[in-house]
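To keep things clear, I will list the structure first and then write my remarks on it.
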Amino acid sequence: QVQLVESGGGLVQTGGSLRLSCAASGRTFSSYTMGWFRQAPGKEREFVAGVSWSGINTYYADSVKSRFTISRDNAKNTVYLQMNSLKPEDTAVYYCAADRSAGVAVRARTYDYWGQGTQVTVSS
């Protein structure tokens, strides 16, 4: 069992930056692939970024590539999402998720555990 708690969301202007954190409970955090997803009002939840258990392999949605960076600190049981050059279309609730299987998955249903989400709002 893994419990995930996101933080770091807020209101930022276009072009600004935010850093999201996701703190995980449990001693097996380092064995999970971790992902960030987002969901805007009226839209489906979509994959944003993922990182392998080692932190070596990362994968990004095309819409955030070169602007967002995912990383993890297994010693702190935490995964991060650094978001730069934010755009109004990045506005959404951001969720972190943990996947017991190897490899970074982009489908939400692959992930086993989810946080409660944190709101990111980018004003124009």
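The table that follows gives values for the structure above.
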quantity	calculated
Selection from 66, 80, 94, by position along the positive dipole direction of the range 44-124 (Cβ)	80
Gaussian network model of the chain, Cα within-10 Å springs - most flexible of 90, 99, 73	73
Residue of 45, 67, 109 that the Gaussian network model of the chain assigns the largest fluctuation, springs spanning Cα pairs under 10 Å	109
Among 60, 94, 113: highest mean-square fluctuation, GNM of the chain, C-alpha pairs under 10 Å	113
Within the accessible area of the range 24-85 (1.4 Å probe), percent carbon and sulfur	47
Normalised per residue, the volume of the convex hull around the Cα set of the chain (Å³)	89
Partner aspartates and glutamates for residue 65 [C-alpha distance under 20 Å; skip if fewer than 8 residues away on the same chain]	44, 46, 89, 90
Net dipole in debye of the chain [+1 Lys, Arg Cβ; -1 Asp, Glu Cβ; about Cα centre; nearest 20]	120
Full-extension gain in nm, residue 102 to residue 7, via 0.36 nm per residue minus C-alpha separation	31.7 nm
Order of exposure, largest accessible area first, which applies to 56, 70 with probe 1.4 Å	56, 70
Contact order normalised by residue count of the chain, Cα under 8 Å, 6+ apart, percent	36
Per residue solvent-accessible surface (Å²) - the chain, probe of 1.4 Å	52
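The values are calculated or read from the model by the stated rules, or taken from the named source; none is laboratory data. Quantities reported herein were computed from a predicted structural model and do not represent experimental measurements. All Cβ positions, glycine included, derive from the backbone under ideal geometry; neighbour counts span all protein chains shown. Surface accessibility is based on the protein's heavy atoms, side chains included, excluding ligands, DNA and RNA. Shrake-Rupley method; radii C 1.70, N 1.55, O 1.52, S 1.80 Å.
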